Amino acid sequence: NAGVTQTPKFRVLKTGQSMTLLCAQDMNHEYMYWYRQDPGMGLRLIHYSVGEGTTAKGEVPDGYNVSRLKKQNFLLGLESAAPSQTSVYFCASTNGARGGYTFGSGTRLTVV
Amino acid sequence: AQSVTQLDSQVPVFEEAPVELRCNYSSSVSVYLFWYVQYPNQGLQLLLKYLSGSTLVKGINGFEAEFNKSQTSFHLRKPSVHISDTAEYFCAVSDENGNKLVFGAGTILRVKS
């Protein structure tokens, strides 16, 4: 079982460039999430989805967009990258609050 | 809305000593509580969870946590730590009707020989 797979694992962007991070899960989970992790700040929710075709804003959505066209995939886009978006990005999925989340291994993004 | 406070950013401890990582939460409704562990350069792994019932919850790798509703706490404990327990630990809370986890800032456990 692959669980939650994130691609790419590492990326360096120049300020103003765009990119898309892909999250794929093979557990048939309804809910998917994108978090960013910064030192001393824990994980902060960027966007999430409660089902195919739905998305919602989290705690820190500015500068990011998401899409959930297929149940198994959740894409995170940066239209114009900024140095403040340098972070480690984690995708997670679950079938409900009681089960806890399954996390991907993360994408380390550096914006220069 | 829920919030989580992890009271220690770093906890150094010698191998085979006991450890407690502290977590307090705030919520106006019933909650589910979780502890996750993150080893260097890896994703987060579920350590244990409290949903209901017994307030003492046992997890993987010999960890346990106790839910205290009156003190709104969910402290993580291990009676004897190993070098391999060196990692960052995150406490998280979710309300019963929601599907969003709110995380604390994390506690780095450093086990020394």
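Taking the Cα centre of the protein assembly as shown as origin, sum charge times position over the Cβ atoms of Lys and Arg (+1) and Asp and Glu (-1), and report the length of that vector in debye to the nearest 20.
340
Charges at C-beta only: +1 for Lys and Arg, -1 for Asp and Glu. How large is the resulting dipole of region A:3-84 about its Cα centre, in Debye rounded to 20? Don't skip to the answer; put the middle values down first.
On the way: 9 positive and 7 negative charges, 40 e Å.
With Lys and Arg at +1 and Asp and Glu at -1, about 200 debye.
Report the label-to-label distance for residue A:95 and residue B:64 in nanometres (one decimal), using points 7 Å from each Cα along the Cα→Cβ vector.
About 3.0 nm, to one decimal.
Explain nothing, just compute: Karplus ³J(HN,Hα) = 6.51 cos²θ - 1.76 cosθ + 1.60, θ = phi - 60°, for every residue of region B:55-60 in order, whole Hz, x for Gly and Pro.
7, 9, 10, 9, x, 7
Mind checking B:37-43 for the average number of partner chain beta-carbons within 10 Å of each residue's beta-carbon?
On the way: counts 0, 5, 0, 0, 5, 3, 14.
Mean partner shielding for this stretch: 4.
Where a Cα-Cα gap under 25 Å defines reach, which lysines qualify for residue B:78, not counting those fewer than 8 residues away within the same chain?
B:49, B:58, B:69, B:112
I want to check the label-to-label distance for residue B:112 and residue B:42. Put each point 7 Å from Cα in the C-beta direction and report it in nm to one decimal.
Result: 2.4 nm between the two label points.
For residue B:80 and residue A:86, what is the calculated FRET efficiency with R₀ set at 41 Å and r taken between the beta-carbons, to the nearest 0.05?
0.60
Roughly how crowded by other chains is peptide A:103-109, in terms of the mean Cβ count from those chains within 10 Å of each of its Cβ atoms? Let's see the in-between values first.
Numbers: counts 7, 2, 4, 5, 0, 1, 0.
Counting other chains' Cβ atoms within 10 Å and averaging over A:103-109 gives 3.
Please work out the FRET efficiency for the pair residue A:41 and residue A:20, using the Cβ-Cβ distance as r and a Förster radius of 30 Å; give the result to the nearest 0.05. Show your work: numbers first, answer last.
On the way: r = 24 Å, r/R0 = 0.80.
Using R0 = 30 Å, I get an efficiency of 0.80.
Considering amide H positions built from the backbone, and no H for Pro or chain starts, which residues 5 or more places from residue A:106, or on another chain, come under 5 Å of its amide H?
Those lying under 5 Å, H to H, from residue A:106 are A:6, A:91.
Which of the three applies to region B:38-112, rounded, prolate or oblate, going by the alpha-carbon gyration tensor with a ≥ b ≥ c and a/c under 1.5 meaning rounded?
Working: a/c = 2.08, a/b = 1.39, b/c = 1.50.
Oblate, since a/c reaches 1.5 and b/c is not below a/b.
With charges only on Cβ, +1 for K and R and -1 for D and E, what is the dipole size of chain B about its Cα centre, in debye, rounded to 20? Don't skip to the answer; put the middle values down first.
Numbers: 9 positive and 10 negative charges, 15 e Å.
Approximately 80 debye in magnitude.
Please tell me the relative contact order of chain A in percent, rounded to the nearest whole number, where contacts are Cα pairs under 8 Å and at least six residues apart. If you can, show how the numbers build up before the last one.
Details: 293 pairs, mean separation 39.8, N = 112.
Relative contact order for chain A comes out at 36 percent.
Excluding same-chain pairs closer than 8 in sequence, count the lysine pairs in chain A whose Cα atoms lie under 22 Å apart.
Numbers: A:9/A:70; A:9/A:71; A:57/A:70; A:57/A:71.
Summing the qualifying lysine pairs gives 4.
Kindly give Rg over Rh for chain A, based on alpha-carbon atoms, with the Kirkwood expression for the hydrodynamic radius.
Values: Rg = 13.1 Å, Rh = 13.9 Å.
My calculation of the ratio gives 0.95.
Considering only protein heavy atoms and a 1.4 Å probe, what is the carbon-and-sulfur percentage of the accessible area of the protein assembly as shown? Don't skip to the end; give the middle numbers.
Working: 5290 of 10630 Å².
Carbon and sulfur together cover 50 percent of it.
Roughly what would the spin-label model give for residue A:67 and residue A:12, points 7 Å off Cα along C-beta, in nm?
2.9
Near the amide H of residue B:106, under 5 Å away, which other amide H atoms are found, from residues 5 or more places off or on another chain, if H is placed in the peptide plane?
Answer set, sorted by chain and number: B:6, B:91.
Determine the total buried accessible area between chain B and chain A, counting protein heavy atoms only with a 1.4 Å probe; round to the nearest 100 Å².
Numbers: alone 6230 and 6050 Å², together 10630 Å².
Using a 1.4 Å probe on protein heavy atoms, the buried area is about 1600 Å².
The values are calculated or read from the model by the stated rules, or taken from the named source; none is laboratory data. As the structure is a prediction and not an experimental result, all values here were calculated from the model. Heads up, the Cβs are rebuilt from the backbone with ideal geometry, glycines too, and the neighbour counts pull from every protein chain shown. Side chains included, ligands, DNA and RNA excluded: accessible areas come from the protein's heavy atoms. Shrake-Rupley method; radii C 1.70, N 1.55, O 1.52, S 1.80 Å.
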